[in-house]
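K.L.:
Below you will find the structure I want to go over with you.
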Amino acid sequence: MKNKFVLALLALLLTGFGAMAQTAATPKPTKIGYASVNYILSQMPEYKQIEKQLVEYEKQLTTQLQTQYQEFQQKMEAYNKTGQTLLPEIRQQKETELRELQGKIEQSQRDAQSLIQKKESDLLAPAYDKIQNNIDVVAKENNYSHVLNSEVAGVPTLLFVADESQDISNLVLKKMGVTPKEAANAQK
């Protein structure tokens, strides 16, 4: 009988602790919002300057590649004109030189792509930081527990949105002092 009493008391205590733990662990209501980081970025005044800098940088690299390619073409034309009359050792040396030059051009193309990506990342990082900071502020001010990006690399990540009012993109823009352009909103 004493064992039953102890078991009943233990069960009662565990139930009480469970109820208290459940009450203490009751989370705040979940409020989920979303934003389009690409849309916000496109509305920022500094984005046009970033695009301009990227275009200029890409032109510089393209000019360098074109110079290398023209050099290759000139040497190839010269080889095609005189290649058959050259001694075998010299012809082989010219062919090796052309292959090496072609390899350098290919490497320069790969390097240029990497440099463009790095430059883009470097230029966009402060803008993305500014966007993230303002998303954080808007989310806290409006009691959002989660904010999702509505797209990644142009691909929608939100497959269904029942309430468009949960889009905080324009709130973030306003927090940054940017007035959303209506034409851009209509495209979004």
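K.L.:
What residues have an amide H closer than 5 Å to that of residue 148, excluding those fewer than 5 places away on the same chain, when H is modeled at 1.01 Å from N in the peptide plane?
P.N.:
33, 34, 35
K.L.:
If the stretch 61-107 were replaced by its equivalent ellipsoid, with semi-axes equal to the square roots of 5 times the Cα gyration tensor eigenvalues, what would those be, largest first, whole Å? Mind dumping the intermediate values first?
P.N.:
Details: eigenvalues 107, 26, 4 Å².
Each semi-axis is the square root of five times an eigenvalue, giving 23, 11, 5 Å.
K.L.:
I'd like the distance between the alpha-carbon centres of the stretch 119-177 and the stretch 87-102, rounded to an integer number of Å.
P.N.:
Cα centroid of the stretch 119-177 versus Cα centroid of the stretch 87-102: 56 Å apart.
K.L.:
Rank-order 152-164, 132-144 by packing density, defined as the average count of other C-beta atoms within 10 Å over each peptide's residues, highest first. Can you show the working numbers first?
P.N.:
Details: 152-164: 8.2, 132-144: 15.4.
Result, highest mean first: 132-144, 152-164.
K.L.:
With just the Cα atoms of the stretch 97-188, tell me how far they stretch along each of the three principal axes, in Å, largest first.
P.N.:
So the extents along the principal axes, rounded to whole Å, are 65, 28, 27.
K.L.:
Once the piece of chain linking residue 30 and residue 78 is laid out straight, how much longer is it, given 0.36 nm per residue of separation minus the C-alpha distance between them?
P.N.:
Numbers: separation 48, 0.36 × 48 = 17.28 nm, distance 7.21 nm.
That pair, residue 30 and residue 78, stretches by 10.1 nm at full extension.
K.L.:
Cα-Cα over 25 Å: which of 48/119; 75/118; 52/181; 31/119; 75/119? List each step's numbers first, then the result.
P.N.:
Working: 48/119 15 Å; 75/118 32 Å; 52/181 20 Å; 31/119 37 Å; 75/119 32 Å.
75/118; 31/119; 75/119, as the Cα separations exceed 25 Å there.
K.L.:
Placing unit charges on C-beta atoms (Lys and Arg positive, Asp and Glu negative, everything else neutral), compute the dipole magnitude of the stretch 34-176 about its Cα centre in debye, rounded to 20. Kindly include the intermediate steps, with their values, before the conclusion.
P.N.:
Working: 16 positive and 21 negative charges, 79 e Å.
Its charge dipole is roughly 380 debye.
Only the coordinates and a few stated rules stand behind these numbers; no lab work does. Everything quoted here is computed from the prediction, not taken from an experiment. Every residue, glycine among them, receives a Cβ derived from its backbone with ideal geometry; neighbour counts consider all protein chains shown.
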